[in-house]
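See below for the structure under consideration.
No value in this document is a laboratory result; all are computed from the given coordinates. Predicted model, so just to flag it, every value in this text is computed and none were measured. Heads up, the Cβs are rebuilt from the backbone with ideal geometry, glycines too, and the neighbour counts pull from every protein chain shown.
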Amino acid sequence: LSKTLQEFWILDELKDIVGPENVSVEDSDKDIYSIDVSLPTRTWADRGGLRPRPDFIVFPGCTEEVSEVVQLANRYDIPIIPRGAGAGSMGGSVAFTGGIIIDMKRMNKVVRLDEFSYNVTAQTGIMQIHLEDWLNDRGYTTKHYPASIYCSSLGGFLACRGSGHFSSKYGKIEDLVLNMEVVLPDGTIINTLPVPNHSAGPSLEKWFLGSEGIFGIITQCTLKIKKLPEAYRFKAVMFDSLHDALETARKIMISGLKPAVIRIYDEGDTQQIIKNVLGEDVEAGGYMIIGFDGFKEVVEAEENVAKKIWEEQNGRDLGADPGYNWWKNRFNSYFPPYTLESTRELYCVVDSCALHENVEKIYNAMKSLIETKFAQYDVKFIAHFSHWYDWGGSIYPHYIVGKKPQDRDEFMRLNNEIWCAATSACIDNGGLLNEHHGLGVQLSRLMKKQYGPAIKVLEKLKLGLDPNFIMNPGKLGVKGK
Ligand SMILES: Cc1cc2nc3c(=O)[nH]c(=O)nc-3n(C[C@H](O)[C@H](O)[C@H](O)COP(=O)(O)OP(=O)(O)OC[C@H]3O[C@@H](n4cnc5c(N)ncnc54)[C@H](O)[C@@H]3O)c2cc1C
């Protein structure tokens with residue numbers, strides 16, 4: 001769109017829908033909305049490059065307004081890009097081909113608390129921390145504690161299938177969902193069925209969880225809640241090797257125990273996080289934080305059973321203090337001065353998940369490939385393993401480039417090359433493209449490799465739901481017009 005009569009008309013219509021104060025075409029806003037937390041968008045901005053800017057930014061106040069904006073976009077064939085808090089790290093909320101960014105932040109209300117069936121309904125523009133604080137004040141919790149709880153919205157987590165620190169016991173965000181309200185790409189407002197486990201056909205909500213806005217905009221959601229727990233117990237345990245720590249996590253998860261958290265740090269991440277950020281004086285090996293929550297007697301009993309398992313693997317109990325130190329300071333590594341995001345480093349997270357049998361294999365394959373193939377750039381590959389399930393676990397590696405190119409294009413090219421090499425090695429060894437950050441633009445190109453012919457299911461669904469291909473084009477690697 002150029003700044004023409006066409007823009008004037010559309011702007012005027014948008015103002016009619018959401019109110020004049022809730023639309024922006026300011027250059028400064030367009031600049032801000034041209035980045036998220038992804039390294040490519042920040043690098044480009046930092047080095048003065050032109051970025052994909054939206055034509056309009058709108059702030060709807062209710063579902064009907066979202067629907068009307070989407071209908072308008074269909075009439076004029078303009079892309080729509082849903083945006084929560086813009087803290088995604090894959091470029092998912094960036095207007096790749098221009099269009100209307102629908103910023104959900106005004107839709108931030110708690111709609112209903114059900115203290116009988118234990119659930120809460122909220123609009124999806126609410127920041128996760130605000131929802132959690134609101135519930136905590138009433139004695140409840142969602143148990144969804146992602147590291148970005150302060151900077152991301154409920155809708156963003158639903159759209160990217162986010163994971164929190166307590167996912168091993170309570171699941172990822174999708175495991176908390178009872179139902180959702182969604183605005184489809186033609187503007188139709190639908191509700192998925194009231195409960196998720198039924199035999200009344202497929203689970204509609206599953207199509208929208210992880211769809212990163214390409215199938216519709218999630219406007220409201222009902223989540224399961226719990227009472228705040230009576231007790232927490234955290235411990236740190238040290239193993240001679242990463243292998244022993246990973247094996248312990250596997251044995252604990254398949255035993256039927258329900259730890260709220262198991263986090264394992266390899267040697268590099270023990271240095272980076274446990275020593276540098278948490279200030280613990282520990283040797284190298286496999287460092288584990290394990291925690292339980294719930295009734296006092298139950299958490300004590302669970303920890304005792306887990307202890308037998310880690311002792312079989314020669315785990316040494318470092319006591320409760322380092323465990324509570326992690327719990328109290330767990331967000332520090334994501335904020336300045338510790339986060340690499342606050343520097344101009346070339347580094348990225350290439351997280352994944354896999355069956356137990358593949359977790360260590362994937363870590364070894366990625367590490368040896370990245371540290372050998374890119375040795376000339378002095379690349380370090382470090383990881384922790386922070387979400388565990390009865391079937392497998394996640395791998396959360398960073399690569400950090402010691403000798404980074406100064407030239408912007410070269411910097412970006414190298415980043416893409418390392419990222420694609422790491423992720424391809426992961427897929428080749430049975431891993432998934434991502435665990436909780438989604439794919440955005442960054443990983444779209446590997447969707448075909450991941451899905452094979454099954455990509456057709458997503459493409460047909462996209463075509464059926466969004467024949468004009470207006471919803472978040474360029475994301476999730478699904479073919480457009
Ligand atoms: C320091 C830091 C730590 C992080 N730690 C974690 C973590 O522990 N766990 C975790 O899961 N993630 C983590 N993330 C990643 C980030 O928080 C998630 O990707 C989150 O889902 C982004 O939410 P957002 O509201 O910022 O979404 P945005 O960045 O605004 O959008 C992300 C994607 O979701 C789509 N979207 C947003 N809202 C909607 C909606 N209502 N309907 C449809 N589509 C929508 C957008 O179009 C885009 O594709 C971290 C990020 C940072 C910066």
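Using a cut-off of under 20 Å, list every residue of segment 464-481 whose amide N is near the label point 7 Å from the Cα of Lys456 along the Cα-to-beta-carbon line.
464-467, 477-481
Lys and Arg at +1, Asp and Glu at -1: add these up for the other residues within a Cβ distance under 13 Å of Gln313 and post the number.
Its environment carries a net charge of -1.
Output the 0 to 90 degree angle, nearest 10, between the alpha-carbon long axis of helix 242-254 and the longest principal axis computed from the alpha carbons of the chain.
Its long axis makes an angle of about 70 degrees.
State which entries of Lys235/Lys367; Lys258/Lys475; Lys172/Lys460; Lys251/Lys361 exceed 25 angstrom in Cα-Cα distance in the structure shown.
With Cα atoms farther than 25 Å apart: Lys235/Lys367; Lys258/Lys475; Lys172/Lys460.
With axes computed from alpha carbons, what is the tilt in degrees of helix 128-137 against the longest principal axis of the chain, rounded to the nearest 10 within 0 to 90?
Between the helix axis and the principal axis of the chain, the angle is about 70 degrees.
So, in nm, how far is label Asn314 from label Asp378 when the simple model puts each one 7 Å beyond its Cα toward the Cβ?
3.4 nm
Taking only the alpha carbons of the chain, what extent do you get along each of the three principal axes, in Å, biggest first?
Cα spread of the chain along its principal axes, largest to smallest: 72, 60, 43 Å.
What translational diffusion coefficient, to the nearest whole µm²/s, does segment 305-346 have by Stokes-Einstein, given a Kirkwood radius computed over alpha-carbon pairs, a temperature of 37 °C and 0.692 mPa s viscosity?
The calculation lands on 254 µm²/s.
How much FRET efficiency would the formula 1/(1 + (r/R0)^6) give for Arg75 and Thr4, where r is the Cβ-Cβ distance and R0 is 22 Å, rounded to 0.05?
After rounding, the FRET efficiency stands at 0.85.
Can you pick out the pairs among Lys143/Lys275; Lys206/Lys227; Lys380/Lys462; Lys206/Lys307 whose Cα atoms lie more than 31 Å from each other?
Lys380/Lys462; Lys206/Lys307
For the chain, what does the helix formula give at 222 nm: sum of -39500 (n - 2.57) over DSSP H segments with n ≥ 4, over the residue count, nearest 500 deg cm²/dmol? Walk me through the numbers before you get to the answer.
On the way: 15 runs with 163 residues, N = 481.
It comes out at -10000 deg cm²/dmol, rounded to the nearest 500.
For helix 320-329, what angle does its Cα long axis make with the longest principal axis of the chain, in degrees from 0 to 90 and rounded to 10?
Approximately 20 degrees, to the nearest ten.
If exposed GluC sites (Glu not before Pro) are those in a DSSP loop with at most 12 other Cβ within 10 Å, what is the longest stretch of the chain that has none?
Working: sites that count: Glu26, Glu115, Glu230, Glu283.
After excluding every exposed loop site, the longest remaining stretch is 284-481.
When the dipole is taken about the Cα centre of the chain, and only Lys, Arg (+1) and Asp, Glu (-1) are charged at their Cβ, what size is it in debye, to the nearest 20?
680 debye
With a cut-off of 8 Å between alpha carbons and a minimum separation of six or more residues, what is the relative contact order of segment 307-404 in percent?
So the answer I get is 28 percent.
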